[in-house]
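The values are calculated or read from the model by the stated rules, or taken from the named source; none is laboratory data. Since the model is a prediction, treat every value here as computed from it, not as a measurement. Quick reminder, even Gly has a Cβ in these numbers, built from the backbone with ideal geometry, and neighbours come from all protein chains shown.
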Amino acid sequence: MIGSCLTGEAAAADKAPGGRDFGLYAGMAGEGSLTDGVLRRQEDIVIELLKDFPDNVTAYACHERLTKADYETVLRDIEDKLTRHEKLRMYCEVSPDYVGADPDAIWEDWKVSFSTWFHWQRGVIVTDVQWMIWATKFFGLLIPGEWRVFPMGEASKAREWIVEAQ
């Protein structure tokens, strides 16, 4: 359940709902690149790697529907951070347009969850998506570490909590 906050589906505009610019570029279908902490692809921005967090925090903003290819961005980030830290923290903002994950992405998520099971110190999901709130509360009881949910209006409190010393 580590990456179940992530998603991806085709969109026609360069901006997400609310006018947020994710820096989409015009390229061939299926192309994608990770630059400046943002996954860019013609279809849509699915996972935005967030900046301004300590190195032991994996931080993402998630949109629409997660595919296996999208999830690989998360996996690379987690694997990279685990080379420098025994314990990680996760901060994940789940946008209102999040609808879930493809079966292949769910399978990848579970494989990563089990392989990193004891490497999570704490995590937070920031969302107003009701089913994600319930899922996080349920799975948070099963995954080692401390897990919390904050509403989008309290994102700054969630950021403070994820970085505070234990």
Completion exercise
Those residues of region 108-140 which are within 18 Å of residue 87 (Cα to Cα), over 16 Å from the mean Cα position of the chain (by Cα) and either of a type in the set (A, V, I, L, M, F, W, C) or buried (at least 19 other Cβ atoms within 10 Å of the Cβ) (or both) amount to 114, 117, 118
Exercise for the section: Among the residues of region 67-122, count how many are under 22 Å from residue 51 (Cβ atoms), in contact (Cβ under 8 Å) with a residue 12 or more places away in the chain and among the acidic types (Asp, Glu). Expected result: 5
Completion exercise
Quick count over region 126-166, residues being in contact with an Asp or Glu (Cβ under 8 Å, 6 or more places away or on another chain), outside any helix (DSSP H, G or I) and aliphatic (A, V, I, L, M), is 1
Completion exercise
Flagged in region 82-106 as loosely packed, with under 13 Cβ neighbours inside 10 Å and part of a helix (DSSP H, G or I), in numbering order, are 103
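Results for (1) within 19 Å of residue 144 (Cα to Cα); (2) modelled with pLDDT of 90 or more; (3) in a loop (DSSP other than H, G, I, E, B), shown as yes or no for each residue.
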residue	(1), (2), (3)
58	yes, yes, no
69	no, no, no
80	no, yes, no
109	yes, no, no
112	yes, no, no
Practice task
With the checklist (1) in a loop (DSSP other than H, G, I, E, B); (2) touching a residue at least 24 places away in the same chain (Cβ under 8 Å) in hand, flag the one item residue 51 doesn't pass.
Solution key: (2)
